[in-house]
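A quick write-up on the structure given underneath.
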Amino acid sequence: MNLEVIKRAAKVIKGGKFVVALTGAGISVESGIPAFRGSQGLWDRYDPFEYAHISSFYRNPEKVWNMLRELYDICLRAEPNPAHYALAKLEEAGILKAIITQNVDGLHQRAGSKEVIEFHGNGETLACVDCKQKFRITEVDYRNSVPRCSCGGLLKPDIVFFGEMIPHVALERSVELTKKSDVFLVIGTSAQVYPAGGLPVMAKERGSIVVEINLEPTPLTNTVTDVFISGKAGEVLPKLISLVLDN
Ligand code: OAD
């Protein structure tokens, strides 16, 4: 963790009038939820085209539910970490206006963040693919077999699979916030999945200053990022936010 770089980023955030954050799986790694890409990433063990594409879900729900079962068991036990709490604090202070998250774990809201746009949906609810009835994951027995509705239809988590559209409202609101931002924080995302990965580029094109926090450089780092902080989100963010909020 380079303190000089963090101080530079703190100065940028302090000067911002409309700060927006985009988060990805990396922010929840310290809560025990594995990221998708990189070593120990979920897509190392599960081919995303076999497990995360909407056509795979319909073709072989048993197989896809094997992965979902593992994910739910981890996510339902996970707690927010210091990175989630730091962003909630920045919003409470009136500085951070919104978080656009690609995560479906609900940890930002559990940490106290209010303005959270769930770009890829939320895994806490499921919908019957036939009659559209909604269920909470806690009222569904997903552990022993593929969960089904009383009408017999398959239950699908309210998350965006590859091949599905981004929820309309989330997409519109994210674009609006991105265009309005003057400081854009990019935290724990490989920025490889579109359209979410295009938001930092859009922010930059609109004159926003891009601050990126990641363990390693991403395709954004040498192209759109103005300040790159290398380190764990759960260590960098509390330090950064305390510098922003001090005096
Ligand atoms: P990825 O798994 O692609 O990227 C996670 C990023 O977090 C990587 O760049 C890591 O270097 C970084 N990282 C890991 N641990 C970190 C830590 N402790 N602190 C900071 N950074 C850390 O996850 P996303 O970019 O979120 O989509 O993936 C985007 C989408 O791809 C997901 O929403 C999901 C996936 O397929 C769907 O499910 C539709």
Proxy reagent accessibility, fewest Cβ within 10 Å first, across THR221, THR101
THR221, THR101
Taking the chain as the reference, fit the longest principal axis to its C-alpha atoms, fit the long axis of helix 82-92 to the helix C-alpha atoms, and give the angle between the two in degrees, 0 to 90, nearest 10.
70 degrees
Among VAL169, VAL201, VAL175, which comes first, then next, by fewest other beta-carbon atoms within 10 Å?
VAL169, VAL175, VAL201
Antiparallel as a % of all DSSP beta bridges within segment 112-247, to the nearest 5?
50 percent
Just name one of LEU155, LEU220, PHE18: the one whose Cα is farthest towards the positive end of the charge dipole of the chain (beta-carbon charges, Lys/Arg +1, Asp/Glu -1).
PHE18
Segment 207-238 and segment 1-70 have their Cα centres apart by a whole-number Å value of 15 Å
The summed charge of the LEU199 Cβ neighbourhood (under 13 Å; Lys/Arg +1, Asp/Glu -1) stands at +1
Helix 3-14 against the longest principal axis of the chain: what's the angle in degrees, Cα atoms only, rounded to the nearest 10?
90 degrees
Residue by residue through segment 127-133, which ³J(HN,Hα) values in whole Hz follow from phi under the Karplus form 6.51 cos²θ - 1.76 cosθ + 1.60 (θ = phi - 60°), with glycine and proline marked x?
10, 6, 6, 9, 8, 6, 4
Net charge near HIS120 (other residues with Cβ under 12 Å of its Cβ; Lys, Arg +1; Asp, Glu -1) is -4
Using a 10 Å Cβ count of at most 13 others and DSSP loop calls, identify the longest part of the chain lacking such trypsin sites (Lys or Arg not before Pro).
144-205
Considering only DSSP beta bridges where both residues belong to the chain, give the percentage that are antiparallel (nearest 5).
30 percent
With Cα coordinates, the longest principal axis of the chain makes an angle with the long axis of helix 233-245, in degrees rounded to 10, of 40 degrees
Among residues other than ARG77 whose Cβ falls under 15 Å from its Cβ, what is the net charge (Lys/Arg +1, Asp/Glu -1)?
-3
With only Lys, Arg, Asp and Glu charged, each at its Cβ (+1 for the first two, -1 for the last two), find how big the charge dipole of segment 127-247 is about the Cα centre; round to the nearest 20 debye.
320 debye
Estimated [θ] at 222 nm from DSSP helical runs (n ≥ 4, -39500 (n - 2.57)) normalised by residues in the chain, nearest 500
-10000 deg cm²/dmol
In percent, what relative contact order does segment 20-176 have, based on Cα pairs under 8 Å that are 6 or more apart in sequence?
22 percent
Among 153-159, 46-52, the order from most to least packed when residues are scored by Cβ within 10 Å on average:
153-159, 46-52
Within segment 41-186, pairs of Lys residues whose Cα atoms are less than 24 angstrom apart, provided they are eight or more positions apart or on distinct chains, add up to 15
Hey, got the dipole for the chain? About the Cα centre, +1 on K and R Cβ, -1 on D and E Cβ, debye to the nearest 20?
400 debye
Taking segment 168-247, which GluC sites (Glu not before Pro) meet the DSSP loop condition and have no more than 11 other C-beta atoms within 10 Å?
none
LEU243, LEU185 arranged by Cβ crowding within 10 Å, fewest neighbours leading
LEU243, LEU185
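Quick note: the coordinates plus some simple rules give every number you see, no bench work behind them. Everything quoted here is computed from the prediction, not taken from an experiment. All Cβ positions, glycine included, derive from the backbone under ideal geometry; neighbour counts span all protein chains shown.
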